[in-house]
């Protein structure tokens, strides 16, 4: 049990995920206030319940993610300097690509055009930490690793590791799930039509594929940095620029 995973990494990730989940509450409640006109006060009880729920959830996810990623040769690289600028660049590029592809959807679905502008920037900034940390732990460290491990058990490459096909299949499946996971939040803004569902899968899937590829090639830290950078572009820079012209 002692050598199954890096327990230091486990506890660092666990604390980071729990903290990220707590500081994202102002953003989540802002969405609720806008979509339902129902103001919710962040109380100590809500904070404690959020912390307790995420503590249990992420303890399981992180343990399994570290265990599975170790067995398939993926996971963390523990080197930040070589990946810092490339990861941020990929994240900015992903954010810009998502904005570009979202333009046709925005014309067909006007509900999304002014939504982000109405959320205070400081609340959006706090939410980017949840995306960059917690979502990457859940979707890349755990889910991609799980899918790759399954394909690895079915078929191995000639070098004894996972096949390239299996890795790409895992990345794409996790990206689709990433898109579908945004539907509950999307449903608060607009009714779930076929176009709305397609929008969620395509736009979030773009990020999911890019972050998944970075996780494979450069490690979890790279995917985290890219996701955080993309969210800054999407939820902070773009709404700020849009507010200047509104």
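What percent does the relative contact order of the chain come to when contacts are Cα pairs within less than 8 Å and at least six residues apart? Could the numbers behind the result be given before it?
On the way: 315 pairs, mean separation 74.3, N = 246.
It comes to 30 percent, rounded to a whole number.
Compute the distance in nm between two label points, each set 7 Å from the Cα along the Cα-to-Cβ direction, one at residue 15 and one at residue 202.
Those two pseudo-labels are separated by 4.3 nm.
Distance between the C-alpha centers of the stretch 171-227 and the stretch 34-101? Whole Å please.
Here the two parts' Cα centres lie 12 Å apart.
Once the Cα atoms of helix 84-108 and of the chain are each reduced to a long axis, what angle between those two axes, in degrees from 0 to 90 to the nearest 10, is obtained?
50
Can you tell me the 0 to 90 degree angle between the C-alpha axis of helix 145-154 and the longest principal axis of the chain, rounded to 10?
Approximately 40 degrees, to the nearest 10.
Only helical DSSP H runs with n ≥ 4 go in: add -39500 (n - 2.57) per run for the chain, normalise by residue count and round the 222 nm mean residue ellipticity to 500 deg cm²/dmol.
On the way: 11 runs with 169 residues, N = 246.
When only DSSP H runs of four or more count, the value is -22500 deg cm²/dmol.
Could you give the angle, 0 to 90 degrees to the nearest 10, between helix 25-36's Cα long axis and the longest principal axis of the Cα atoms of the chain?
Value to nearest ten degrees: 40.
Starting from the 7 Å offset along Cα-to-Cβ, what nm value, one decimal, do you get for the label separation of residue 242 and residue 56?
So the two model labels end up 3.7 nm from each other.
Given labels modelled 7 Å from the Cα in the Cβ direction, how far is it in nm from residue 164 to residue 191?
Each label point lies 7 Å from its Cα, and together they span 4.6 nm.
Under 10 Å, Cα contacts only: if you run a Gaussian network model on the chain, which one of 27, 215, 78 comes out with the highest mean-square fluctuation?
78
Could you calculate the contour length gain from residue 100 to residue 153, that is, 0.36 nm times the residue separation minus the distance between their Cα atoms, to one decimal place in nm? Display every interim value, and only then the final one.
On the way: separation 53, 0.36 × 53 = 19.08 nm, distance 3.87 nm.
Extending this stretch completely gives an extra 15.2 nm.
Laboratory data are not the source of any read-out in this text; all were calculated from the coordinates shown. Owing to the predicted nature of the structure, the values given are computational and were not obtained by experimental measurement. Every residue, glycine as well, gets a Cβ built from its backbone with ideal geometry; the counts of neighbours run over all protein chains shown.
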